């Protein structure tokens with residue numbers, strides 16, 4: 001049976017470092033923290049796991065070539081070890097998800113295929129592969145391949161059941177799309193064009209306004225998380241982010257009337273996330 005994880009439970013959750021009305025941040029490794037949550041207690045998971053890109057490569061930042069070095073947490077340990085990690089944290093998330101819940105995982109080609117395969121190995125039911133287009137993506141400096149300008153989001157339910165048990169706010173998504181079914185190619189604009197044009201998932205990476213409290217190297221835009229929650233959450237739901245980072249998921253969750261639990265092991269990003277959550281409207 002699914003269990004509601006109430007706010008008073010969070011006070012007793014080991015490692016809780018920051019908290020506020022409707023939210024809490026746990027300081028620690030996600031695998032260890034997830035073990036302490038009761039089974040079937042979470043309504044929605046959004047995960048932005050390490051992409052394993054910090055391996056000596058370079059990218060373009062503000063017109064300059066810079067090394068890709070986000071931190072030791074982003075370094076690859078090899079294909080087999082990286083895939084084993086995907087299986088571990090996905091297994092832990094599947095245990096805490098309610099049968100009516102679902103999980104979203106974002107990633108590039110460097111990690112997303114491993115995530116998708118692990119989901120199938122573990123018995124998740126894949127619902128959609130959403131393509132997010134980034135119009136301001138960094139150019140490709142090698143000039144030996146196409147510019148990487150998209151990320152993929154895998155949306156899955158923890159089990160396949162008949163009828164399907166997961167929440168999908170179909171009518172709201174259709175209304176946002178001018179009365180047409182929303183597709184899995186997303187464009188998210190600050191000023192949507194009138195006339196009911198088909199919505200495509202395109203959204204610039206976070207600008208200065210979303211980084212006023214500090215910077216995180218893999219921060220996702222608030223508009224992306226807002227749509228994810230609009231599609232698959234309801235007010236009062238518990239939203240979990242096992243790789244909280246700057247807690248964009250939490251800011252979007254609070255705006256949607258949801259509760260938020262984030263797990264983050266870097267003290268700097270814990271403080272950044274807390275600042276953002278405390279200043280959220």
Those residues of the range 91-125 that are surrounded by fewer than 19 Cβ atoms within 10 Å (Cβ to Cβ) and in contact with a strand residue (DSSP E or B) (Cβ under 6 Å, 6 or more places away or on another chain) come to a total of 2
Could you check, for the range 109-117, whether at least one of its residues is more than 13 Å from residue 155 (Cα to Cα) and modelled with pLDDT under 90?
yes
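Would the range 54-65 turn up any residue that is modelled with pLDDT of 75 or more and either under 21 Å from residue 167 (Cβ atoms) or exposed (fewer than 15 other Cβ atoms within 10 Å of the Cβ) (or both)?
No, the range 54-65 has no match at all.
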All-but-one check, residue 106 against (1) touching a helix residue (DSSP H, G or I) at 6+ places or on another chain (Cβ under 7 Å); (2) under 16 Å from residue 228 (Cα atoms), failing number (1)
Note: among 242, 135, 192, 158, just one is loosely packed, with under 15 Cβ neighbours inside 10 Å and modelled with pLDDT of 65 or more, namely 135
Those residues of the range 249-272 that are part of a helix (DSSP H, G or I), at pLDDT 95 or above and under 18 Å from residue 48 (Cα atoms) come to a total of 5
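The values are calculated or read from the model by the stated rules, or taken from the named source; none is laboratory data. Since this is a predicted model, take the numbers as computed values, not measurements. In this analysis, Cβ positions are derived from the backbone assuming ideal geometry, glycine residues included, and neighbour counts consider all displayed protein chains.
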